[in-house]
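Just so you know, all these numbers are worked out from the coordinates, no wet-lab data involved. Everything numeric here is computed off the predicted structure, so don't read it as measured data. With ideal geometry, Cβ positions are generated from the backbone for all residues, glycine too; neighbour counts draw on all protein chains shown.
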Amino acid sequence: MANAVQDKLEDFVRDSFRSGKSRADIEKALEAAEWTADQIRGALRAYADVECPIPVPRPRPQLSSRVSSTQWPFSSEIQPMVRP
């Protein structure tokens, strides 16, 4: 969900942590603003739950742009359609 709305949610969570808010306080505020439970969990999961004066981001999985021939949906196994 990497879009402007998701970016705003992540900015809010980061800024809340920076201002000293707890996870519980942030979660309550987001619930009151009608964010879904999945969105809240995802935004909070982006930061490690560790003792540190600043928010510690977790690494995000990155997809490789390399695609092998076994992953490509148009492999050589697909035969062209021949009309009678």
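Here the dipole of the stretch 4-45 is about 200 debye; that uses its Cα centre as origin and unit charges on the Cβ of Lys and Arg (positive) and Asp and Glu (negative). Each other residue within a Cβ distance under 15 Å of ALA4 adds +1 if Lys or Arg and -1 if Asp or Glu, for a net charge of -2. In the stretch 4-45, taking the dipole from charged Cβ atoms about the Cα centre, the farthest positive-side position among LEU44, ALA4, GLY20 is held by GLY20. If you take the square roots of the eigenvalues of the alpha-carbon gyration tensor of the stretch 4-45 and sort them as a ≥ b ≥ c, do you get rounded (a/c under 1.5), prolate (a/b over b/c) or oblate? In terms of gyration-tensor shape, oblate.
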